[in-house]
Amino acid sequence: MFIALVVAAVASLGTPLITSVATTFHVSLDSAQWTLTVALLSGAVATPVLGRLGAGPHRRATILATLAIVVVGSALTVLPLPFAGLLIGRAAQGVGLGLTALMMGVARDHLPEERSTATIALISVVSIIGAGVGYPLTALLAEIGGVRAAYGFGLFVTAVAFLTAWRSIPAAPEGRSAHVNVAGALVLAGGLFLVLFLAGQRSLWSRHLAVAVILAVVAVLLLCVWIASELRSKAPLVDVRAVRHPAVAGANIAMFVGGSGMYLLLTLITRYAQTPHSAGYGFGLTTFAAGLVLVPFSVLGFVAGKLTPRVRTLIDAPLLLAGSAVIVGGGFVLFAAARSNLAELLVAMGVLGFGVGSFSAAMPGVILAVTPKSETSSAMSFNYVVRSVGYSLGSAIGGLVLATGTDTGHLFPNDHAYTTAALVGIAAMAVTALTATALARQPPPEINPTAATASVPSQGRSSR
């Protein structure tokens, strides 16, 4: 859980430091934005590869090597290097995002069923709320000691995480193999890179539409080629046939749509809080104060993560997903209807945190109920790739709606643009709730003898 929290917090360091990076390195805000984007890109690309390596006998070595890369990357962000060196360091830090699914595999292999279920749920939650933990602290350090001091915090915690893994992570069970389809990994990396790049580059769509369309077609073709190669491969990077299982496919669709909605609301609230009063709305909060707005998100997200495993003994995981999506939708409604004072923003952020926490805690139960133990890391890695793409899409949608609502000659969008974006989010969470409800109507999964026993108790178990 600590390792999952650290890699999530460190990868999100780019968010509160974008303005500081722009001023320190004398680059534009668009260029500084890449300190966040490059970490998300490298994380999305590395996740499926690490998931496959983590499914084999060298899981401990994979975890330690990945954390070593993250530590080296953290050191690069602290050293007095040019902006290119900072980007390389941030890309190395982002690789650590692929470790979350491996931590779930460790928990599932080495803990008793009742403990592993709760632990996996919390690992999923802390990988979400890590941003809320790191945001205010790094923002404060940046205000006091500059951007290097904030990244120094990242170096310290990643070094501690490496030592923790060295002492605590056991070896994987024997009798597993983890052949990596290198060609398939490269094709997937290319497709994911283009998808996330296009989602984050709104100016490309407005200024060079033909180029953007061509790149989108190339991305689709690469992903189609990857799927075809995975279906033919004897050692696929991701078991595409398993992904087609109704429970897994439905869960990934819910993760994609729901993730875009959740990240949309998170960005809307933080951006609204930092908008100066001169725009006619907003609260003009500093970076540090805006980071504190995320505290209710983190606290209630963790509370929901602790409660969800207990609730799952009474309610099936798909219904929990649907209920969580409704809660997040309620956060959108609150934001759309009441944002005239800071307390209302804090309430909306708390509702979002509780909904995201319960959604994240319930998601592994849906997927792992039909996944063998040996494929835990691989299956959850694919889900986290889907989540990354959904987050990028949510960020892009929010930026597009707000840009559309910005009048010519004005720096900030009008207040109604935030309401429009909230309505888009409500629609996304409605789709997510309906998808999860459809999952709940599926018959209980039949778990084959090699599947893990960490499935949802209320779903029942059957043996062949």
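Given +1 on the Cβ of Lys and Arg, -1 on the Cβ of Asp and Glu, and no further charges, what dipole in debye does the chain carry about its Cα centre, rounded to the nearest 20?
820
Could you give the angle, 0 to 90 degrees to the nearest 10, between helix 147-168's Cα long axis and the longest principal axis of the Cα atoms of the chain?
Once rounded, one gets 10 degrees.
Counting only protein heavy atoms and using a 1.4 Å probe, what share of the accessible area of the chain belongs to carbon plus sulfur, as a whole percent?
Here carbon and sulfur together make up 69 percent of the probe-accessible area.
Once fully extended, how much extra length lies between Ala65 and Leu434, figured as 0.36 nm per residue of separation less the alpha-carbon to alpha-carbon distance?
The Ala65-Leu434 span can extend by a further 128.8 nm.
Of the listed values (1) 33, 26, 22; (2) 42, 26, 18; (3) 36, 30, 21, grab the one calculated as semi-axes √(5λ) of the Cα gyration tensor in Å from the structure here.
(1)
Whole angstrom only: what separates the Cα centroid of the stretch 311-384 from the Cα centroid of the stretch 267-290?
That distance is 26 Å.
If you take the square roots of the eigenvalues of the alpha-carbon gyration tensor of the stretch 117-234 and sort them as a ≥ b ≥ c, do you get rounded (a/c under 1.5), prolate (a/b over b/c) or oblate?
Judged from the Cα gyration tensor, the stretch 117-234 comes out oblate (a/c at least 1.5, b/c at or above a/b).
Measure nothing but the geometry: give the 0 to 90° angle between the long axis through the Cα atoms of 59-78 and the longest principal axis through the Cα atoms of the chain, rounded to 10°.
Its long axis makes an angle of about 10 degrees.
By how many degrees, 0 to 90 and rounded to 10, does the Cα axis of helix 14-25 deviate from the longest principal axis of the chain?
Here the helix axis deviates by roughly 50 degrees.
For the stretch 1-73, what does the accessible surface come to per residue with a 1.4 Å probe? Please give it in Å².
Numbers: 2400 Å² over 73 residues.
That works out to 33 Å² for each residue.
Could you sort Lys373, Lys234, Lys306 by their accessible area in this structure, using a 1.4 Å probe and putting the largest first?
I get Lys234, Lys306, Lys373, largest accessible area first.
Give the shape of the stretch 262-357 as rounded, prolate or oblate, defined through the alpha-carbon gyration tensor: a ≥ b ≥ c are the square roots of its eigenvalues, a/c under 1.5 means rounded, and otherwise the shape is prolate if a/b is larger than b/c and oblate if not.
prolate
Give the residue from Leu17, Leu40, Ser28 lying farthest towards the positive end of the charge dipole for the stretch 14-147; charges sit on Cβ (+1 for Lys and Arg, -1 for Asp and Glu) and the dipole is referred to the Cα centre.
Of the options given, the answer is Leu40.
Which order do the peptides 309-315, 191-197 take when ranked by the mean count of other beta-carbon atoms within 10 Å per residue, highest first?
Working: 309-315: 15.4, 191-197: 20.4.
Output ranking for 309-315, 191-197: 191-197, 309-315.
So for each of 53-64, 340-351, 379-390 I average, over its residues, the number of other beta carbons within 10 Å; can you give me the resulting order with the highest mean first?
Final packing ranking: 379-390, 53-64, 340-351.
Just from its helices, what would the mean residue ellipticity at 222 nm be for the chain, if runs of 4 or more DSSP H residues each count -39500 (n - 2.57) and the sum is divided by every residue, rounded to the nearest 500 deg cm²/dmol?
It lands at -26000 deg cm²/dmol.
Would you mind working out the accessible area per residue for the stretch 384-427, using a 1.4 Å probe, and quoting it in Å²?
So the stretch 384-427 comes to 46 Å² accessible per residue, rounded to a whole number.
Dipole magnitude of the stretch 73-151 about its Cα centre, charges +1 at Lys/Arg Cβ and -1 at Asp/Glu Cβ only, in debye to the nearest 20?
Using Cβ point charges on Lys, Arg, Asp and Glu, the stretch 73-151 gives about 220 debye.
The values are calculated or read from the model by the stated rules, or taken from the named source; none is laboratory data. Everything numeric in this text was worked out from a predicted model, so none of it was measured. Every residue, glycine among them, receives a Cβ derived from its backbone with ideal geometry; neighbour counts consider all protein chains shown. Quick note on the areas: whole protein, heavy atoms, side chains included, nothing else; ligands and nucleic acids left out. Shrake-Rupley method; radii C 1.70, N 1.55, O 1.52, S 1.80 Å.
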